[in-house]
Amino acid sequence: RAARGCSSSSPQLLSQLQSQANITGDTGSLLEPYIHLQDLNTPTLRAACTEYPVAFPSEDTLRALSKPQFLNTVHATLGRVWHQLGALRQKFLKTRPFPALERARWNIQGIRNNVYCMAQLLNHPLEIPKPTQPGSGASMSTATTPSIFQTKLDSCRFLWSYHSFMGSVGRVFREWRDGSSRSRRHSPRHSLLRAW
Amino acid sequence: GETFQLTPEILTVSVQSKLQQVNLQWTVPNLTHQELKMVFQIEISRINTSNIIWVENYSTTVKWNQVLHWNWKSEIPLECVTHFIRIRAMEADGKSWSNWSSWKEVSVQVSIAPNMLLIFPENKLLEEGSNVTMCLLHGQYLYNVSCMLQEEPILGEQLDSRVSLIKLNNVVFLSDSGTNIYCQAMNATKKLFGTVLFVSKVLEEPKNFSCETQDFKTLKCSWEPGVDTALAWSQQDPQSYTLYESFSGRREVSDHRNSHNWKITEDSQETYNFTLTTENKLRKRSVNIIFNLTHRVHQKAPHDVTLETIDATKANMTWKVYSRGDNYLLLCQVELQHEREVIHEHKVSVHMSASYLFSDLEPDTEYKARVRCADANHFWKWSDWAQKEFSTPEAAPSQALDV
């Protein structure tokens, strides 16, 4: 039975998740507008932006997780990304609007909702992380107050890593679909559910 | 000549590195006078005491046991280079100086790893058109340091083996997210070292500042704000606008960039003296207006406009105005349009209500009549138009019907 406001069709949900991941995996949706807004559009600064990627769960790590663990990891990581983008948003609030950032945050909420629904459908409700739970690395370093130049670059690296992370998530979801369509050919009923 | 005996004694030398400012405090020991007019000469040297870069005389009246203050802004960030400061004195109209105080060192403790590079000032905020000197502090293992301003290479000037200066003149506003200045060096632990220069547009004086009332309850003040000088990364909020009225002493910060509603209180005076001040972190500008409230009435549009066609060539228009009483005269402008063209215009003085007869109209024709009013004694601004469309009837046949 579908949870409140959730689709009851996992293939449809999976298809939505995959297209959402593809959208958010595209650097044109947020990183590129950020690079231009912050005048980081020079070869040297672009290179610095992708130099030390911020630690997000790698694709191999994601692929090795069970489905519930994968959904939990995506949901928790995107929660942190959503907050980080909120902090970044504060920096431009009083100057000109940054629509790409607003859209990105809406998209993240959309994905998290669908991830929540998928977990419900698979009878593995999400584990809502305790507030102090150490993040899986998806956050910008704010130990001391770095220079704004450093913060600009750190934010750039964060966005670059976020897009890469979403690219990986999209590929894992595609493998879910490919895996489920293969097993549907052999045993059509509840193939996705029986995959574990 | 004989040396002046009162040698000043430096108490403290402190630094405000963000302001690039040196603060000096001293006293004049053994001052026997209750107060004495004196001239102090302050010298500042850079890197070593023989390299004097600044000399300034400072005159003041010194009281017994008084602590004196003076400050100086360095063109070069104080983190990058050591300065030295000393002071001597002379009586205001004396001939000879005292001995110099001893040199005091002025430095900011900065530790730098051998393969690091530090750039100062960090996150500097300055106004478009001004000059700035950046300085690079090189770790000892670094070499071949090259820097860029956005995509333009910028050349440094070696000050000593570990410090180089980058002088930027007449800086230009590029983006509200700041201008990126970044450097690379051989043998460095990081590929990129950088800072952001926040160039603010110059705050403009508000233009066309004026206030008016429509109801004698609220004064609507408006102005043209000019460019917004807000900068991202919390470096500078949008400039504020504050209204101060000197007769009432009231001061109000506006929530909008270009307007503010000022409440007219019961005991308000008739004349207003407003100062509108705009301010950001770098500059403050003000404009001032003085006016009599009754000279700033923006009349509401006339109402209850009626049009009565008397015959095929005449029509009578009536209208009402919002008036402040019988002895308060309004000037109204009446206009008649046919096919959007003004074919008749007239002005009439009005108290509470008025009428106007249009004659020589064309039969069976569509017209638009409109009226607006303003204060007759002290014209400030026309009200909005109030209008009515009407058509004249066909003309009655000129001869009796030939039955």
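Odds and ends about this structure:
- The residue that is farthest from the chain's Cα centre (by Cα), counting only those in the range A:1-33 that are at pLDDT 90 or above and hydroxyl-bearing (Ser, Thr, Tyr), is A:15.
- Meets criteria (among the β-branched types (Val, Ile, Thr), surrounded by 14 or more Cβ atoms within 10 Å (Cβ to Cβ), part of a helix (DSSP H, G or I) and in contact with a helix residue (DSSP H, G or I) (Cβ under 8 Å, 6 or more places away or on another chain)) for residue A:54: no
- Output for the range B:33-72, where each listed residue is in a loop (DSSP other than H, G, I, E, B) and either of a type in the set (Val, Ile, Thr) or surrounded by 13 or more Cβ atoms within 10 Å (Cβ to Cβ) (or both): B:33, B:47, B:49, B:66, B:67
- Where strands (runs of 3 or more DSSP E) fall wholly inside the range B:184-280, the ranges with 2 or more residues that are of a type outside the set (D, E, K, R) and either under 30 Å from residue A:38 (Cβ atoms) or without any contact (Cβ under 8 Å) to a residue 12 or more places away in the chain (or both) are B:193-200, B:240-245.
- Subset of the range B:130-150 that is part of a loop (DSSP other than H, G, I, E, B) and in contact with an Asp or Glu (Cβ under 9 Å, 6 or more places away or on another chain) - its residue that is modelled with the highest pLDDT: B:131
- Residue check, residue A:11 more than 14 Å from chain B (Cβ to nearest Cβ) and either over 16 Å from residue A:162 (Cβ atoms) or part of a helix (DSSP H, G or I) (or both): yes
- For the range A:73-99, the tally of residues that are under 17 Å from the mean Cα position of the chain (by Cα) and either open to solvent by 70 Å² or more (accessible area, probe 1.4 Å) or among the aromatic types (Phe, Trp, Tyr) (or both) stands at 2.
- All positions within the range B:182-192 that are open to solvent by less than 20 Å² (accessible area, probe 1.4 Å) and touching a helix residue (DSSP H, G or I) at 6+ places or on another chain (Cβ under 8 Å): B:182, B:192
One line per residue, one yes/no per condition, for (1) farther than 30 Å from residue A:94 by Cα; (2) within 14 Å of chain A (Cβ to nearest Cβ):
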{"site": "B:208", "(1), (2)": "no, no"}
{"site": "B:229", "(1), (2)": "no, yes"}
{"site": "B:232", "(1), (2)": "no, yes"}
{"site": "B:239", "(1), (2)": "no, yes"}
{"site": "B:256", "(1), (2)": "no, no"}
{"site": "B:267", "(1), (2)": "yes, no"}
{"site": "B:280", "(1), (2)": "no, yes"}
{"site": "B:285", "(1), (2)": "no, no"}
{"site": "B:292", "(1), (2)": "yes, no"}
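- Residue B:64 under 38 Å from the mean Cα position of the chain (by Cα) and among the aromatic types (Phe, Trp, Tyr): no
- Looking across the range B:315-352, the residues that are under 11 Å from residue B:302 (Cβ atoms), assigned to a strand (DSSP E or B) and free of Cβ contacts under 8 Å to residues at least 40 places away in the same chain come down to B:318, B:320, B:334, B:350.
- The residue list B:108, B:171 contains one member that is in a loop (DSSP other than H, G, I, E, B), open to solvent by less than 60 Å² (accessible area, probe 1.4 Å) and either without any contact (Cβ under 8 Å) to a residue 12 or more places away in the chain or touching a Pro at 6+ places or on another chain (Cβ under 9 Å) (or both), which is B:108.
- Only one entry in B:157, B:122 is open to solvent by 50 Å² or more (accessible area, probe 1.4 Å), under 22 Å from residue B:46 (Cα atoms) and more than 10 Å from chain A (Cβ to nearest Cβ), namely B:157.
- Residue match in the range A:57-78 (condition: more than 14 Å from chain B (Cβ to nearest Cβ), in contact with a Lys or Arg (Cβ under 7 Å, 6 or more places away or on another chain), among the acidic types (Asp, Glu) and assigned to a helix (DSSP H, G or I)): yes
- Of note, residue A:45 satisfies the criterion of being within 12 Å of chain B (Cβ to nearest Cβ), surrounded by 15 or more Cβ atoms within 10 Å (Cβ to Cβ), in a helix (DSSP H, G or I) and out of contact with any helix residue (DSSP H, G or I) (no Cβ under 7 Å at 6 or more places or on another chain).
The values are calculated or read from the model by the stated rules, or taken from the named source; none is laboratory data. Treat the numbers as computed from the prediction; the structure is a model and nothing was measured. So basically every Cβ, Gly included, is an ideal-geometry build from the backbone, and we count neighbours across all protein chains shown. All accessible areas refer to the heavy atoms of the entire protein, side chains included, with ligands and DNA or RNA removed. Shrake-Rupley method; radii C 1.70, N 1.55, O 1.52, S 1.80 Å.
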